[in-house]
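Novice: Mind looking over this structure? Questions follow.
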Amino acid sequence: MSETQAKAVTSATSIESVSQEQRVFPPPEDFAKSARVGSRAAYDALYKRSIDDPAGFFAEQARELRWQAPPQQTLEWRAPHARWFQGGKLNLSDNCLDRHTETWRANKAAIIWEGEPGEVRVFTYRELLREVCRFANALQSLGIRSGDRVGIYMGMVPEAAIAMLACARIGAIHSVVFGGFAAEAVRDRMNDAQAKCVITQDGAFRRGAVVPLKPHVDKAVEQCPTVEHVIVLERTHDPIDMKPGRDHRWSELVEKASAKHTAPALDAEHPLFILYTSGTTGKPKGVMHTTAGYLLGAYLTTKYVFDMRDEDVYWCTADIGWVTGHSYIVYGPLSIGATVLMYEGAPNQPDPARFWQMIERHRVSIFYTAPTAIRTFVKWGDQYPNKHDLSSLRLLGSVGEPINPEAWMWYRKVIGGDRCPIVDTYWQTETGSIVMTPLPGAIASKPGSCSLPFFGISPKVLREDGSEAGVNEGGLLVIDKPWPSMLRTVWGDDERFKQQYFARFPGKYFTGDGARRDADGYFWVMGRIDDVVNVSGHRLGTAEIESALVSHAAVAEAAVVGVPDAMTGQALVAFVTLKGHEKPSAALNAKLMEHVAEEIGKFARPKEIRFAEAVPKTRSGKIMRRLLRDVAQGHETKGDMTTLEDIGVIAKLRAHEEE
Ligand code: WTA
């Protein structure tokens, strides 16, 4: 166990003594009465079946998907490689679109989209299918084929979902890059994926301003030898450079394209997407998911966790650039034929009541957001939600980080009117879909706990030696059986996949999170124990930020740690050692902040950069993160960004202890 991990487990163990959360909220009776899983006994029975006979259970569930050829074998598990539903052929886009257009849902709203400036566009399932077919034909007309990688770097516009579904339809592997990333991050991801095409837009509307996207792609693609085509959606209509031969306007491409396209039958294990996520090294991992297993995971969790109905208007506030946007804006809800609300902009545009206004306007019944957003709403004040009629809501969800019980209680009371159950859903980019959560009609909630595993998920809290931790004993969270929507590999680096996830406890998937299990068997996730920091629900590898800082000419060395933050959950503090001739200054501090924004994206800027004489290390050369965390939390810098800290003295004292 690494130094950081060991410390985190120690602190995970000590969290247990301070977390005295005793409140329990059983499912509301009327909710349970009509829920798909309406009692704890019903959940227990289904869960038991899913664990005792996963092949039988999932084979049966998978019949709810539309197959062009039925699977022959439910699971082949050669740890750490799983293959689900082999022999089966299907098309994910067909499952999300065509099949609904053959029913009364053809004219049902699939996506209701609201732009930040206020316009509303509605796509019925039939209209969405037409747009996806057009775009699929357009991609094919450019020579994009099954297996090719396509980057998607867009804002929250319906065309982002259309692009994803069109890729899935033709078997091209999409890799969505969050619109907040800078050119360098786009470049690195496109190069790692060897993308042939990038889909973007001129700019996006955010907080009343235009965020440019195409110029970033121009800069990135200069250094992406594999990218042959760039497709640009016109959203803001700001002037952009178009490179003849390489760049194409979305509108012109689809105008020429037919609205008919037959969805080809793809193998169950056909790669569906790559999504880059932060890990413990400077290089982000391309988490790869495949078609059938991923779809089944997204579909089943949407059905059971959100208990989604045809009458629901469902809103997930995540960005399409993160896995939550993939699974719970696009693939899960559309595969079940739901109505999805999608919003382009910021929650406080034009004022902090925007979300509540939208819930009232569209009669949203299921609302899914992140703890960091909830804490921000708390800060803005109850007057905003209180002004609006939120009585359409029947279910609330939370995702992205542990939710603190105070925020949970506020969410329940102020947004949920004390009547809506809350599903605190624990999962990861790697798990593809929700792996732990209360089922809203069956499992009593405890504020701050993601409660119990979803069907087929076998989580365990382990000690370092692999034995199972006792009740309320903090340990490492693993999942010791394969599940359909698990990642299949790390793109282009299967060795890293094995090392990262399956080496610590052979054959078991290691989540990277610390957790404990209480006397009722409820799981309490305590957060990452590796060098990954969760800022506002965004996963950031400290190593990535360190290497961004070190890439600046003035910097000799950098160490980045996460510290608790009341608003963003965790925040980044960077300790920077300068090269000999450089002097700390406020101007340099600002430059380094800007440098991180350019290298990774604005959202990755540390809360503080502190200059230090040296980055303290153990004798074996490991950065003493715990010490730095203490230093970062221990005393204020009082706005002085120029002091050179001498951590050397404490470092010497601690060096031995940290070894
Ligand atoms: C954290 C987001 C506690 C966790 C879907 C995990 C959570 C990481 C929860 C994955 C939750 C997510 N309770 N922690 N309900 N949901 N996390 O890949 O540390 O962006 O490992 O996927 O977020 O982040 P990712």
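The values are calculated or read from the model by the stated rules, or taken from the named source; none is laboratory data. Predicted model only: the values in this text are computed from it and were never measured. In this analysis, Cβ positions are derived from the backbone assuming ideal geometry, glycine residues included, and neighbour counts consider all displayed protein chains. Just so you know, the surface numbers come from the protein's heavy atoms only, side chains and all, with ligands and any DNA or RNA stripped out. Shrake-Rupley method; radii C 1.70, N 1.55, O 1.52, S 1.80 Å.
Novice: List the residues whose amide H sits under 5 Å from the amide H of Met342, counting only those 5 or more places along or on another chain, with H placed 1.01 Å from N in the peptide plane.
Specialist: Placed amide hydrogens put Ile112, Trp113, Glu114 under 5 Å from Met342.
Novice: Between Gly397 and residues 5 or more places away or on another chain, which pairs have amide H atoms under 5 Å apart, with H built 1.01 Å from N, and which residues are they?
Specialist: Amide H neighbours of Gly397: Phe367, Tyr368, Thr369, Val423.
Novice: Kindly write out, for the range 417-425 in residue order, the coupling ³J(HN,Hα) from the Karplus curve 6.51 cos²θ - 1.76 cosθ + 1.60 (θ = phi - 60°), rounded to whole Hz, with x marking Gly and Pro.
Specialist: In residue order, the calculated couplings are x, 6, 10, 8, x, 10, 9, 8, 9 Hz.
Novice: Another question, then. Could you pull out every residue, at least 5 positions away or on a different chain, whose amide H is within less than 5 Å of the one on Ile199? Hs are placed 1.01 Å off N in the peptide plane, and Pro or chain starts have none.
Specialist: Amide H neighbours of Ile199, under 5 Å, 5+ apart: Gly151, Ile152, Tyr153, Ile231.
Novice: Sticking with this one: With the dipole of the chain worked out from charges on the C-beta (+1 for Lys and Arg, -1 for Asp and Glu) around the Cα centre, which of Gly381, Asn107, Phe367 lies farthest toward the positive end?
Specialist: Of the options given, the answer is Asn107.
Novice: For the range 72-146 and the range 378-417, what is the separation of their C-alpha centers, rounded to whole Å?
Specialist: 32
Novice: For the chain, which whole percent of the accessible surface, found with a 1.4 angstrom probe, sits on carbon and sulfur atoms?
Specialist: Heavy-atom surface of the chain belonging to carbon and sulfur, 1.4 Å probe: 51 percent.
Novice: Output ³J(HN,Hα) for the range 346-355: one whole-Hz value per residue in order, computed from phi by the Karplus curve 6.51 cos²θ - 1.76 cosθ + 1.60 with θ = phi - 60°, and x for Gly and Pro.
Specialist: Along the range 346-355, the couplings run 8, x, 10, 10, x, 8, x, 8, 3, 4 Hz.
Novice: Could you please report the charge total around Tyr43, scoring K, R as +1 and D, E as -1 over all other residues with beta-carbon less than 12 angstrom from its beta-carbon? Before the final figure, lay out the partial values.
Specialist: On the way: positive: Arg36, Arg40, Lys48, Arg49; negative: Asp44.
Here the count lands on +3.
Novice: If you don't mind, there's one more thing I want to ask. How high is the relative contact order of the chain, in percent, counting Cα pairs under 8 Å that sit 6 or more residues apart?
Specialist: Rounded, it is 15 percent for the chain.
Novice: What pairs in Lys283/Lys602; Lys108/Lys285; Lys283/Lys617; Lys214/Lys579 have C-alpha atoms more than 27 Å from each other?
Specialist: The answer is Lys108/Lys285; Lys214/Lys579.
Novice: Further, regarding this structure: For the chain, give the magnitude of the charge dipole about the Cα centre (Cβ charges: +1 Lys/Arg, -1 Asp/Glu; no others), in debye to the nearest 20.
Specialist: Details: 78 positive and 82 negative charges, 155 e Å.
With only Lys, Arg, Asp and Glu charged at Cβ, the dipole is about 740 debye.
Novice: Take every Cα pair under 8 Å in the range 411-453 that's 6+ residues apart, average their separations, divide by the length, and report that relative contact order as a whole percent. Before the final figure, lay out each step's value.
Specialist: Details: 55 pairs, mean separation 13.9, N = 43.
This gives 32 percent for the range 411-453.
Novice: What is the sum of charges, Lys and Arg at +1 and Asp and Glu at -1, for the other residues whose Cβ falls under 10 Å from the Cβ of Thr372?
Specialist: Local charge sum for Thr372: -1.
Novice: Looking only at the range 327-458, where both bridge partners belong to it, what percent of the DSSP beta bridges are antiparallel (to the nearest 5)?
Specialist: Bridges in the range 327-458 that DSSP calls antiparallel: roughly 20 percent.
Novice: Summing +1 for each Lys or Arg and -1 for each Asp or Glu, what net charge is found among the other residues whose Cβ lies under 11 Å from the Cβ of Thr262? Numbers along the way, then the final one.
Specialist: Values: positive: Arg169, Lys260; negative: Asp94, Asp98.
That sum, taken over residues with Cβ under 11 Å, equals 0.
Novice: Here's a follow-up. Quick check: Cα centre of the range 197-265 to Cα centre of the range 546-600, how many Å?
Specialist: One Cα centre to the other: 33 Å.
Novice: Follow-up. Please report the Cα spread of the chain along all three principal axes, rounded to whole Å, starting with the longest.
Specialist: 72, 63, 55
Novice: Hey, what's the chain come to in accessible area per residue, 1.4 Å probe, Å²?
Specialist: Numbers: 23940 Å² over 659 residues.
Here the per-residue accessible area is 36 Å².
Novice: Roughly what % antiparallel, to the nearest 5, for the DSSP beta bridges in the chain?
Specialist: 60
Novice: Which peptide among 34-47, 518-531, 396-409 comes first, and what is the full order, when sorted by highest mean count of other Cβ atoms within 10 Å?
Specialist: 396-409, 518-531, 34-47
Novice: Have a look at Ala42, Val563, Thr425 and report the one farthest towards the positive end of the charge dipole of the chain, computed about the Cα centre with Cβ charges (Lys/Arg +1, Asp/Glu -1).
Specialist: Ala42
Novice: Among the lysines, which have Cα under 19 Å from the Cα of Lys607 when same-chain residues fewer than 8 positions away are ignored?
Specialist: The qualifying lysines are Lys379, Lys591, Lys638.
Novice: Along the charge dipole of the chain, pointing to its positive end and built from +1/-1 on Cβ of Lys, Arg, Asp and Glu, which listed residue (Leu341, Gly514, Gly580) has its Cα farthest out?
Specialist: Comparing the listed Cα positions along the dipole, Leu341 ranks first.
Novice: When only Cα pairs under 8 Å and 6 or more residues apart are kept, what is the percent relative contact order across the range 301-388?
Specialist: Averaging sequence separation for qualifying contacts and normalising by length gives 33 percent for the range 301-388.
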